[in-house]
Amino acid sequence: MKAAGLLAASLLCASATAAAAQTPFYQGKVLTLLINYGVGGNADTEARVYQRHLARHIAGKPDIIIQNAPGAGGFTAMNMLGLGINIKPDGLTAGYFTTSAIAPLIDDPALRVRMNDFAIIGGARGWNMVYARKDIVPGGLQKPEDFIKAKAIYLAGYSRASSHDTRLRLAMEIFGLPYTVVTGFPGTAQINKAMLQNEVNLSGSSLPGYMTQVMPQLMQTGVGVPLFQYPVVGADGKPAGNPALEKFGMDSMDKVYERAFGKPPSGPKWDALLLMSDIATQMQRGLMLPKAAPPAAVDALRTAFDELRKDAAFIDDYKKVTSEEPDLVPGKDLLPLFERIDKVDPAIKKVLRDSIGND
C-alpha cells in the first residue's frame, strides 16, 4: 500500500509538471509594452497597432497594455527596462523603443545599458526625413536646396545626445548653416505644435510620423515643406535613398547638397552622418525584453513577432495608420548590426562625441 501510494503521488506530480509545461507562458497574464516616447509620437502610434494584433499570435493570448515613459531622448525607458528600475525581468514588460544610433557608438553615459543587455525580439526598419517651415527663407522656400539661404534656423529636437538631434546638427554643419537648437520635446506632436506657432522652423521625423502628423498638420496647411531624406549606404557603398520617397520628390540629402554646391558632400562629419543614418534606418524601432527574462517568454514573443510579419490584418492596419508598409526584421538578423556598432572607426566616434559635447 505504501509503495502504491508513493507511485500514485509520483504520477500526480509528473502529471502536474507536464500540465504546467504545456500551459502557455502568457496565459492569463498582462503584457505591458513600454514606449520610450510620449503619447501621440511616432513610436507610440506604431505600438498601438502592435497592441491590437500581437496578442493573437502569442500563445496564451495575453492582454496587452501601453505604458509611455518619455524622457532623456528615449533613454529613460531603455534604462528602466535594461536595469530593472521598477520593472521585474519576468517577461511581462517588453520595450518597443525608438533605438539610438549614436548612444552605443560613443558609449554615451546617459544610456546606461547596451543592446546586449536585452533579449532582442525583432526590429523595424524605417526612413527619416527633414522638413522646415516654408518661410525659413525670405519669400518662401521654393526648392529644397534653397534652404542654404536661411539666416535663422531653430531646429527642434528631443535631447542633445539623441540620434535625431545629432543628425540634424551634423546636417546643418555639413551645409554650413548657422542654427540654434531647441530641444527637450517629448514627441512629434509637440514639435509640430511649436512649428505651427513659429517657435521652431526645422525638424525631422520618421516616415510614419511624417505621413500621419507632419503631412496633415504642416504640409497640407501650407506651413511646411519637405527638405530631404537621410540616405543609407547602398549595395555599391555609395549613398542611397528610398526610391518610393524619391518618386514623391523627396531626394536624399547628398543629392540636395550636390544641387546646392555642385559637388557631393564629403569629410568626417558626412561619414559620421551617413553611418548613423544607415544604422538608424536598419533598426529604427526595436521590440525587446530584459536579458534575464524567462526563456519561455522570449521564445513566445519571437514566434509571435515572426508570425506578425505575415499577418495581413496587421499589415493593412499598419499601412492605414502610418501610410507605409511595415518592414519587420527578426532579432537574429540584427546581430550583424550590433557587431558593426562595436567596430566603429575611432575617427567617426570622435566626430560624434564632439558633436554632443562628450569628452
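The values are calculated or read from the model by the stated rules, or taken from the named source; none is laboratory data. Just so we're clear, the structure is a prediction, and the values are computed from it rather than from any experiment. With ideal geometry, Cβ positions are generated from the backbone for all residues, glycine too; neighbour counts draw on all protein chains shown.
Does at least one position in the stretch 138-146 carry a residue that is surrounded by 22 or more Cβ atoms within 10 Å (Cβ to Cβ) and touching a residue at least 40 places away in the same chain (Cβ under 8 Å)? Even if it seems obvious, please write down each step before you answer.
Within the stretch 138-146, the subset surrounded by 22 or more Cβ atoms within 10 Å (Cβ to Cβ) is 144.
From the residues that got through so far, the ones that are touching a residue at least 40 places away in the same chain (Cβ under 8 Å) too are 144.
Within the stretch 138-146, one or more residues are surrounded by 22 or more Cβ atoms within 10 Å (Cβ to Cβ) and touching a residue at least 40 places away in the same chain (Cβ under 8 Å).
Output the residues belonging to the stretch 140-162 that are assigned to a strand (DSSP E or B) and either closer than 18 Å to G38 by Cβ or of a type in the set (A, V, I, L, M, F, W, C) (or both).
I153, L155, A156
Is at least one residue of the stretch 96-116 in contact (Cβ under 8 Å) with a residue 24 or more places away in the chain and farther than 26 Å from L275 by Cβ?
No; the residues of the stretch 96-116 include none that is in contact (Cβ under 8 Å) with a residue 24 or more places away in the chain and farther than 26 Å from L275 by Cβ.
Can you name the condition, by its number, that V49 falls short on among (1) at positive phi; (2) within 18 Å of the chain's Cα centre (by Cα)?
So the condition that V49 fails would be (1).
The rows are residues; the columns are (1) over 15 Å from the mean Cα position of the chain (by Cα); (2) β-branched (V, I, T); (3) assigned by TED's automatic domain parsing to the domain that holds K291; (4) closer than 26 Å to T303 by Cβ.
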| position | (1), (2), (3), (4) |
| --- | --- |
| P70 | no, no, yes, no |
| G73 | no, no, yes, no |
| K88 | yes, no, yes, yes |
| Y96 | no, no, yes, yes |
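If you check L155 against the conditions, is it of a type outside the set (K, R), crowded, with 23+ Cβ neighbours inside 10 Å and within 27 Å of E173 (Cβ to Cβ)?
So L155 passes the test.
Test P346 against the criterion of being without any contact (Cβ under 8 Å) to a residue 12 or more places away in the chain and either more than 29 Å from K29 (Cα to Cα) or β-branched (V, I, T) (or both), and give yes or no.
On the way: without any contact (Cβ under 8 Å) to a residue 12 or more places away in the chain: yes; either more than 29 Å from K29 (Cα to Cα) or β-branched (V, I, T) (or both): yes.
So P346 fits the description; yes.
Filter the stretch 164-201 down to the residues that are without any contact (Cβ under 8 Å) to a residue 40 or more places away in the chain and closer than 18 Å to P265 by Cα and list them by number. So that I can check it myself, show each step before the final result.
Let us first name the residues in the stretch 164-201 that are without any contact (Cβ under 8 Å) to a residue 40 or more places away in the chain, namely 168, 172, 176-185, 191-194, 196-197.
L168, M172, G176, L177, P178 - these are the residues of the stretch 164-201 that are without any contact (Cβ under 8 Å) to a residue 40 or more places away in the chain and closer than 18 Å to P265 by Cα.
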